[in-house]
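Chemist: Let me give you the structure first, and then I'll get to my questions.
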Amino acid sequence: MQFSEDELLKRAELPKQLARYYHRFYKGKIEISLKVPIRNYDDFAIWYTPGVAEPCLEIRDDEDAAFEYTNRGNTVAVVTDGTRVLGLGDVGAAAGLPVMEGKALLFKYLGGVDAVPICLGTRNAADIISAVRWISPTFGGINLEDIETPKCFEILETLRKTLEIPVWHDDQQGTALVTLAALINALKVVGKNLRDVKIAIIGAGAAGISCFKYIVKAGARPRNIVMCDSKGILHPDRDDLSGEKRKVAELTSPEKRGGIPEALEGADVCISMSRPGPGVIKKEWLRRMNDDAISFNCANPVPEIWPWEAKEAGVRIVGTGRSDFENQINNALGFPAVFRGALDVAARKITDEMCLAAAHAIAEFAEERGLSESYIIPRLEETEVFVREAVAVGLEAIRQGVARRKLSRRELEEAAAAKIKRAQEVLKLLMREGLVKPP
């Protein structure tokens, strides 16, 4: 069905119009529920005192026993300071809570993972690191979320080195692996090779820099990549660059100068993760790209350019971060399954290789179903992809020696499928019984 531009704009605005009413109606999106039977009040003696002392003593002697005796092995902290909340910027910790609850909802429904929002009342990197260390005995993994650059890089790397549980920054690793999966398949559709294409990355924050790293790990040549920040193309002669931006500038195309229009000149691929549009990228700039161009415009809540405008500019394959347009490049395809796989083997970390395994699992799943210009990446309702991805992550963790548990492929498939199915079936049951009411 074809829609006019006005109809498309109205559809794009609908979620925003409903969100305030729905959130107030339910007063949030998550709650704690019980997973053990209470047959009568005598059962409290098992689940609490005096019986609970026995698993406590086991864990005292072997801390890893907590993964067997408690829900630690299926619980993730979603940690933010609210300094770079999706599409909104620095709104503060409390205002970031609806997003963190939404993240927890996706963790549970798509991955069967219990996630707890932790909105910290500090913006100091050292304090955030300390806070996560202090709470880490409660959790099987840490998901860092919506923390501004450059401190997000320091926080992630410090915690990855010091904690014995997976620590992940979704704006870095999650965005990068899902984007890579979409790019792998888009290049297959247009008949181009990752090693040869010229890529413009618009936005040099955590997402853009991590996309650069993962695309290079997957086989792209750094010298074929151009990256822009708000001041223009990153290049070694700029004296305002430091840290990760400086590293990228030293590796990428050295001869390019200018801004977004110049970065797109002769490019095969545009990956933009900058600021909400529309109008951040213009049609006439996309016309400077090569034939059979690919453009992923992923700013939220509004992409840098509307997808129909990109198509009008001659782009062949368009992706955005939104579910109401084709080719949604959505972190939700990544983090629930990556943590599902990591938690099922009680991994001590999430490595880059585990993320690359997830990206290839996503890409292969879509390819098996038939690629096209409007289908380069699975849709969220294709829930089988989460099991496939979790298995790939778990097997890679075992291969790399970072898993506490060693499970077979079949055991990993059964574990992931059972946990995801349970989460979804419990919600359906509550809805049927009227315990979760329609809005």
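The values are calculated or read from the model by the stated rules, or taken from the named source; none is laboratory data. Model, not experiment: these values are computed from the prediction. For neighbour counting, all protein chains shown are included, and Cβ atoms are generated from backbone atoms with ideal geometry for every residue, glycine included.
Chemist: Please go through the stretch 297-335 and pick out each residue that is of a type in the set (F, W, Y) and either in a helix (DSSP H, G or I) or in contact with a Leu (Cβ under 7 Å, 6 or more places away or on another chain) (or both). Lay out the reasoning, then the answer.
Modeler: First, the residues of the stretch 297-335 that are of a type in the set (F, W, Y): 306, 308, 325, 335.
Once the filter is applied, which keeps residues that are of a type in the set (F, W, Y) and either in a helix (DSSP H, G or I) or in contact with a Leu (Cβ under 7 Å, 6 or more places away or on another chain) (or both), the stretch 297-335 yields W308, F335.
Chemist: Filter the stretch 20-45 down to the residues that are touching a residue at least 40 places away in the same chain (Cβ under 8 Å) and not hydroxyl-bearing (S, T, Y), then identify the one that is nearest to K108 (Cα to Cα).
Modeler: First, pick out the residues of the stretch 20-45 that are touching a residue at least 40 places away in the same chain (Cβ under 8 Å): 21-23, 25-26, 28-30, 33.
Still in the running and not hydroxyl-bearing (S, T, Y): 23, 25, 28-30.
On the way: H23: 18, F25: 21, G28: 15, K29: 11, I30: 9 Å.
Only one residue fits best here, namely I30.
Chemist: Output yes when any residue across the stretch 82-91 is buried (at least 16 other Cβ atoms within 10 Å of the Cβ), within 20 Å of the chain's Cα centre (by Cα), in a strand (DSSP E or B) and of a type outside the set (V, I, T), and no when none is.
Modeler: There is no residue in the stretch 82-91 that is buried (at least 16 other Cβ atoms within 10 Å of the Cβ), within 20 Å of the chain's Cα centre (by Cα), in a strand (DSSP E or B) and of a type outside the set (V, I, T).
Chemist: From V99, V79, grab the single residue that is in contact with a strand residue (DSSP E or B) (Cβ under 7 Å, 6 or more places away or on another chain) and in contact (Cβ under 8 Å) with a residue 60 or more places away in the chain.
Modeler: Numbers: V99 fails: in contact (Cβ under 8 Å) with a residue 60 or more places away in the chain.
Within the list V99, V79, the selection yields V79.
Chemist: Which of the residues belonging to the stretch 117-139 are touching a residue at least 60 places away in the same chain (Cβ under 8 Å) and assigned to a helix (DSSP H, G or I)?
Modeler: P137, T138
Okay, residues lined up against (1) in contact with a Gly (Cβ under 7 Å, 6 or more places away or on another chain); (2) of a type outside the set (D, E, K, R); (3) in a helix (DSSP H, G or I):
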position	(1), (2), (3)
V197	no, yes, no
A204	no, yes, no
D240	no, no, no
R257	no, no, no
P261	no, yes, yes
I281	no, yes, no
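Chemist: Test I142 against the criterion of being surrounded by 15 or more Cβ atoms within 10 Å (Cβ to Cβ) and assigned to a strand (DSSP E or B), and give yes or no. Break it down into steps so the answer makes sense when it comes.
Modeler: On the way: surrounded by 15 or more Cβ atoms within 10 Å (Cβ to Cβ): yes; assigned to a strand (DSSP E or B): yes.
Taking the combined requirement at face value, the residue satisfies it.
Chemist: Give the stretch 283-296 a look and list any residue that's surrounded by 15 or more Cβ atoms within 10 Å (Cβ to Cβ) and either part of a loop (DSSP other than H, G, I, E, B) or without any contact (Cβ under 8 Å) to a residue 60 or more places away in the chain (or both), or say none. I'd like the intermediate steps shown before the answer.
Modeler: Here is the first cut: in the stretch 283-296, the ones surrounded by 15 or more Cβ atoms within 10 Å (Cβ to Cβ) are 283, 285-286, 288-290, 292-296.
Answer for the stretch 283-296, where residues must be surrounded by 15 or more Cβ atoms within 10 Å (Cβ to Cβ) and either part of a loop (DSSP other than H, G, I, E, B) or without any contact (Cβ under 8 Å) to a residue 60 or more places away in the chain (or both): K283, W285, L286, R288, M289, N290, D292, A293, S295.
Chemist: Can you say whether E389 is among the acidic types (D, E), in a helix (DSSP H, G or I) and surrounded by 15 or more Cβ atoms within 10 Å (Cβ to Cβ), as far as the supplied structure shows? Write out each step before concluding.
Modeler: On the way: among the acidic types (D, E): yes; in a helix (DSSP H, G or I): yes; surrounded by 15 or more Cβ atoms within 10 Å (Cβ to Cβ): yes.
It is true that E389 is among the acidic types (D, E), in a helix (DSSP H, G or I) and surrounded by 15 or more Cβ atoms within 10 Å (Cβ to Cβ).
Chemist: Does E255 satisfy the criteria of being at pLDDT below 95 and acidic (D, E)?
Modeler: Criteria met by E255.
Chemist: Just to be sure, is R39 closer than 21 Å to I135 by Cα and of a type in the set (K, R)?
Modeler: no
Chemist: When K419 is evaluated against the numbered criteria (1) among the basic types (K, R); (2) more than 28 Å from Y26 (Cβ to Cβ); (3) surrounded by 15 or more Cβ atoms within 10 Å (Cβ to Cβ), which criterion, by number, is the only one it fails?
Modeler: (2)
Chemist: Residue by residue through the stretch 35-51, note down the ones that are out of contact with any helix residue (DSSP H, G or I) (no Cβ under 8 Å at 6 or more places or on another chain) and surrounded by 12 or more Cβ atoms within 10 Å (Cβ to Cβ).
Modeler: Correct list: D43, F44, I46, W47.
Chemist: So, one more: M227 fails exactly one of the following numbered conditions: (1) touching a residue at least 40 places away in the same chain (Cβ under 8 Å); (2) in contact with a Phe, Trp or Tyr (Cβ under 8 Å, 6 or more places away or on another chain); (3) farther than 21 Å from G341 by Cβ. What is the number of that condition?
Modeler: (1)
Chemist: Additional query: When you go through L97, L106, L110 one by one, which is the residue that is in a helix (DSSP H, G or I) and touching a Cys at 6+ places or on another chain (Cβ under 8 Å)?
Modeler: Details: L106 fails: touching a Cys at 6+ places or on another chain (Cβ under 8 Å); L110 fails: touching a Cys at 6+ places or on another chain (Cβ under 8 Å).
Residue meeting the stated conditions: L97.
Chemist: Kindly indicate which of G259, G266 is more than 21 Å from D171 (Cβ to Cβ), in contact with a Cys (Cβ under 7 Å, 6 or more places away or on another chain) and surrounded by fewer than 20 Cβ atoms within 10 Å (Cβ to Cβ). Spell out the reasoning first.
Modeler: Working: G266 fails: in contact with a Cys (Cβ under 7 Å, 6 or more places away or on another chain).
Answer to the check: G259.
Chemist: Can we say K245 is crowded, with 17+ Cβ neighbours inside 10 Å, assigned by TED's automatic domain parsing to the domain that holds N300, touching a helix residue (DSSP H, G or I) at 6+ places or on another chain (Cβ under 8 Å) and not in a helix (DSSP H, G or I)? Give the derivation first.
Modeler: Numbers: crowded, with 17+ Cβ neighbours inside 10 Å: yes; assigned by TED's automatic domain parsing to the domain that holds N300: yes; touching a helix residue (DSSP H, G or I) at 6+ places or on another chain (Cβ under 8 Å): yes; not in a helix (DSSP H, G or I): no.
In short, no.
Chemist: Moving to a separate point now. Examine the stretch 318-333 for a residue that is modelled with pLDDT of 95 or more and basic (K, R), and state whether such a residue exists.
Modeler: no
Chemist: Tell me yes or no: at least one residue of the stretch 420-431 is in a loop (DSSP other than H, G, I, E, B) and either on the phi > 0 side of the Ramachandran plot or of a type in the set (A, V, I, L, M, F, W, C) (or both).
Modeler: Within the stretch 420-431, not a single residue is in a loop (DSSP other than H, G, I, E, B) and either on the phi > 0 side of the Ramachandran plot or of a type in the set (A, V, I, L, M, F, W, C) (or both).
Chemist: Additional query: Somewhere in the stretch 45-64, is a residue under 21 Å from F339 (Cα atoms), among the charged types (D, E, K, R) and out of contact with any strand residue (DSSP E or B) (no Cβ under 7 Å at 6 or more places or on another chain)? Before the answer, list the steps.
Modeler: Within the stretch 45-64, the first condition is being under 21 Å from F339 (Cα atoms), and the residues that meet it are 63-64.
From what's left, among the charged types (D, E, K, R): 63-64.
Filter again for out of contact with any strand residue (DSSP E or B) (no Cβ under 7 Å at 6 or more places or on another chain), leaving 63-64.
Looking for residues that are under 21 Å from F339 (Cα atoms), among the charged types (D, E, K, R) and out of contact with any strand residue (DSSP E or B) (no Cβ under 7 Å at 6 or more places or on another chain), one finds at least one in the stretch 45-64, hence yes.
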